Amino acid sequence: QSALTQPASVSGSPGQSITISCTGTINDIGSYDLVSWYQLHPGKAPKLIIFEASKGPSGVSHRFSGSKSGNTASLTISGLQAEDEADYYCCSYAGSSTFSVFGSGTKVTVL
Amino acid sequence: QVHLVQSGAEVMKPGASLKVSCKASGYTFSDYYMHWVRQAPGQGLEWMGRINPNSGGTNYGQKFQGRVTMTRDTSISTVYMELRSLRSDDTAVYYCARAPNTIFGLVTFDYWGQGTLVTVSS
């Protein structure tokens, strides 16, 4: 099972909005609304920021939003802030055989 | 408050076996699956498998089938991940991560351990 495809890097200025795509197949994203997104800062454990494709955990900024269409999930960060500079990974359920697959990761840079 | 505390860093020889622990606190241990995810240097996250702390049932990633075993000790709310026949490309940070025991929580890893750095080198 190959990793889900994400852009290697995305950048934006403070206050702007950016969107990170996560492209899979009919075997994963295309078949299930079970997509989650994680934020990774260097040296720290991953943090859940979106689950079930579009739901935000309590305590996570509402500037993070998720969506899904077909085989592609997306994460949008609104009102970009310096603290959003991090790596972001998507993850999808991929059926009982493969179970779970992560994206290739996207480095977000705040200009 | 939920805490997942992992065992410390390890330096291993190729061919050896590794066992990492993850002690849970702050919630009902049996109510959540525990998953293991690793990140090699400069690489992305990679799902390894999961264990049902209630039944001990496991699911493993195809890449790790036959080389990984996940177990638990409910008396001390701890799960273990053993990886055998270590190779240099097993060098990575290994994380345990909790996920709800529901159909919708299959890949919702809501709490993570601090990570365990494993270095495989001769």
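Restrict the check to the range B:108-122 and report whether at least one residue is more than 21 Å from B:ALA16 (Cβ to Cβ), in contact (Cβ under 8 Å) with a residue 40 or more places away in the chain, loosely packed, with under 14 Cβ neighbours inside 10 Å and within 16 Å of the chain's Cα centre (by Cα). Looking for residues that are more than 21 Å from B:ALA16 (Cβ to Cβ), in contact (Cβ under 8 Å) with a residue 40 or more places away in the chain, loosely packed, with under 14 Cβ neighbours inside 10 Å and within 16 Å of the chain's Cα centre (by Cα), one finds none in the range B:108-122, hence no. Taken over the range A:1-24, residues that are at pLDDT below 95 and more than 11 Å from chain B (Cβ to nearest Cβ) amount to 1. Checked against the criterion of being open to solvent by less than 60 Å² (accessible area, probe 1.4 Å) and either under 21 Å from A:PHE99 (Cβ atoms) or among the polar types (S, T, N, Q) (or both), the candidates B:ALA16, B:ALA92 yield just one match: B:ALA92. I need the full set of residues from the range B:100-118 which are in a strand (DSSP E or B) and more than 19 Å from B:GLY44 (Cβ to Cβ), in order please. Hits for the range B:100-118 are B:PRO100, B:TYR111. Of the residues making up the range B:29-69, those that are in contact (Cβ under 8 Å) with a residue 40 or more places away in the chain, outside any strand (DSSP E or B) and either crowded, with 21+ Cβ neighbours inside 10 Å or of a type in the set (A, V, I, L, M, F, W, C) (or both) are B:PHE29, B:ALA40. If the condition is being touching a strand residue (DSSP E or B) at 6+ places or on another chain (Cβ under 9 Å), small (Gly, Ala, Ser) and open to solvent by 50 Å² or more (accessible area, probe 1.4 Å), then the range B:70-89 contributes only B:SER88.
If you scan the range A:88-111, which residues turn out to be closer than 18 Å to A:SER9 by Cα and open to solvent by 50 Å² or more (accessible area, probe 1.4 Å)? Matches in the range A:88-111: A:SER104, A:LYS107, A:LEU111.
In the range A:38-61, the count of residues that are away from every other protein chain (no Cβ under 14 Å) and among the polar types (S, T, N, Q) is one or more. Would you confirm, using the coordinates I've provided, whether B:ASN59 is polar (S, T, N, Q) and in contact with a Phe, Trp or Tyr (Cβ under 8 Å, 6 or more places away or on another chain)? Yes; evaluated as a whole, the condition is true for this residue. Of the residues making up the range A:75-84, none is part of a strand (DSSP E or B), more than 8 Å from every other protein chain (Cβ to nearest Cβ) and touching a His at 6+ places or on another chain (Cβ under 6 Å).
Of all residues in the range B:1-28, those being free of Cβ contacts under 8 Å to residues at least 40 places away in the same chain and polar (S, T, N, Q) number 2.
The values are calculated or read from the model by the stated rules, or taken from the named source; none is laboratory data. Source: prediction; values computed, not measured. Virtual Cβ from ideal backbone geometry, glycine too; neighbours counted across all protein chains shown. SASA here: full protein model, heavy atoms, side chains in, ligands and nucleic acids out. Shrake-Rupley method; radii C 1.70, N 1.55, O 1.52, S 1.80 Å.
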